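Chemist: Sharing a structure, written as structure tokens. Questions coming.
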Amino acid sequence: MSDSTSAAPVVLDVWCDLECPDCHLALSDVHALRARYDGRLEVRLRHFPLDKHKHAYAAAQAAEEAAVQGQGWPYVEALLGRTDGLGRDGEPVLLDVARELGLDAEEFDTALIDGRHLLIVDADHAEGKAIGVTGTPTYVIGDERLDGGKSQEGLRERIEEIADRLLAGRG
């Protein structure tokens, strides 16, 4: 008997502020985890813009527009590489990154003005608060929350332990 749920990947939610330098540092862990689990681990970006970053909320909306245009993760990764520029120059950086990836920057601008992605960003933020997210990055895998905002040290290994346990439990 084949059970389709056993083929479903383990989900790792990464609560992120796209203006946060710590989230940029976390990308190397995300890459390593993707490579190690090769489709058995689904990494999902969850938005948690922090009040101290004045462009993070717009950046989260822009990331959602990039996802609609088929370039969600490439956009997020490119943007996280420019946290300093985003903090300094604001929304023009969001449009520059879109253009560099060949996305429709005009549509990005319109999306930021009309707020079409606000509900997704607000829902993520509310869910994050409800489960105790206070800083970024924060990882949730299985029923465990790991706070990466203080230190990334050892987090990837801990995520791997949990993922291995969850995947083994499906066999």
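Chemist: At 222 nm, what value in deg cm²/dmol follows for the chain if DSSP H runs of at least 4 each add -39500 (n - 2.57) and the sum is divided by all its residues, to the nearest 500?
Modeler: -17000 deg cm²/dmol
Chemist: Now, a different point. Dipole of the chain (Lys/Arg Cβ +1, Asp/Glu Cβ -1, origin at the Cα centre): which of Gly70, Gly148, Phe48 lies farthest to the positive side?
Modeler: So the residue we want is Gly148.
Chemist: Another question about this same structure. Please sort by residue number the trypsin sites (Lys or Arg not before Pro) in region 125-171 whose DSSP state is loop and whose Cβ has at most 10 other Cβ atoms within 10 Å.
Modeler: Of the trypsin sites (Lys or Arg not before Pro), the ones in loops of region 125-171 whose Cβ has at most 10 other Cβ atoms within 10 Å are Lys150.
Chemist: Ok, one more. Quick one: net charge around Ser28, please, counting Lys, Arg +1 and Asp, Glu -1 for every other residue with C-beta under 15 Å from its C-beta.
Modeler: Summing Lys/Arg as +1 and Asp/Glu as -1 gives -3.
Here, each number is a calculation from the coordinates, and none is a lab measurement. Because the structure is predicted, anything quoted here is derived from the model rather than measured. As a convention, Cβ positions derive from the backbone with ideal geometry for all residues, glycine included, and neighbour counts pool all protein chains shown.
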